[in-house]
Amino acid sequence: MIKNVIFDMGNVLLDFDPEVQLDASCSSEEAKNYVRKELFGGNEWIQRDLGNISLEELFQGPAERMPEEYHKDLKRCIDIWQSFMIPFDGAKEFLQKVKNKGYGVYILSNASLDFYNYFPKHYNLGFFDGYVVSADVHIIKPDERIYRFLLDKYGLKAEECLFVDDREDNVQGAEKVGIKGFVFKGNYDDVGKILGITE
């Protein structure tokens, strides 16, 4: 029996679309191509989620791999991307439904420590029964250790948890430790059916 629901943050609770951020911060298509590849596709982004590098290092690595003329675009994207992290339509209402039905509600997110800057602007962390952010523990999904860390930290049983993430590999990571997984495609009703909240 499912007693707890563990939600991913990006593209489950908050919208994360690098293309929107690139459109707002870059001055040309060439600049967007460089920033897309070197920032969002670079190892520094992963290292930032692991909590291993500073904001300055997040800039320096990609900057070294692109022409200097695009450094302003890169800097602008790093400076403003958080402002585009906004809740999915219906996310807050669905979370409240889950809570009202008596389920424990948790977050498990691959995110840098910037999480604590932007996430509380939209959600009260006190609403959740617990949360684990990758940068705090220096482990990212789908590494099995991060799922076990959350289970151990909050005394949860894997078989009593449902994990909701937009990425198949992250869901598979949860399933390897015995957590029931669901790949989120933007429809909360699909999750609600599993929980008996929606028809």
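The values are calculated or read from the model by the stated rules, or taken from the named source; none is laboratory data. This structure is a prediction, so every number in the text was calculated from the model and none was measured. Ideal geometry is used to build each Cβ from the backbone, glycine not excepted, and the neighbour counts take in all protein chains shown.
Cβ-Cβ distances below 6 Å connect no pair with a first residue in segment 146-170 that is of a type in the set (D, E, K, R), a second residue that is surrounded by fewer than 18 Cβ atoms within 10 Å (Cβ to Cβ) and in a helix (DSSP H, G or I), and a separation of six or more residues or different chains.
Checked against the criterion of being under 27 Å from residue 149 (Cα atoms), of a type in the set (Ser, Thr, Tyr) and under 20 Å from the mean Cα position of the chain (by Cα), segment 97-111 has at least one qualifying residue. Residue check: residue 27 meets all listed conditions (1) modelled with pLDDT of 95 or more; (2) assigned to a loop (DSSP other than H, G, I, E, B) but one, namely (1).
One residue is enough: does segment 52-64 have a residue meeting the conditions under 20 Å from residue 14 (Cβ atoms), among the hydrophobic types (A, V, I, L, M, F, W, C) and in a loop (DSSP other than H, G, I, E, B)? Among the residues of segment 52-64, not one is under 20 Å from residue 14 (Cβ atoms), among the hydrophobic types (A, V, I, L, M, F, W, C) and in a loop (DSSP other than H, G, I, E, B), which makes the answer no. For segment 107-142, the tally of residues that are assigned to a strand (DSSP E or B) and either in contact (Cβ under 8 Å) with a residue 40 or more places away in the chain or crowded, with 18+ Cβ neighbours inside 10 Å (or both) stands at 6. Of all residues in segment 143-186, exactly one satisfies the criterion of being touching a helix residue (DSSP H, G or I) at 6+ places or on another chain (Cβ under 9 Å), in a helix (DSSP H, G or I) and among the β-branched types (Val, Ile, Thr), namely 146. Selection of first residues in segment 34-62 that are outside the structural domain of residue 75 (by TED's automatic domain parsing) and of second residues that are loosely packed, with under 14 Cβ neighbours inside 10 Å and not in a helix (DSSP H, G or I), restricted to Cβ pairs under 8 Å at least 6 apart or on distinct chains, gives an empty result. So in segment 71-91, with the set limited to residues that are hydrophobic (A, V, I, L, M, F, W, C) and not in a helix (DSSP H, G or I), which one is farthest from residue 57 (Cα to Cα)? By that ranking, first place goes to 88.
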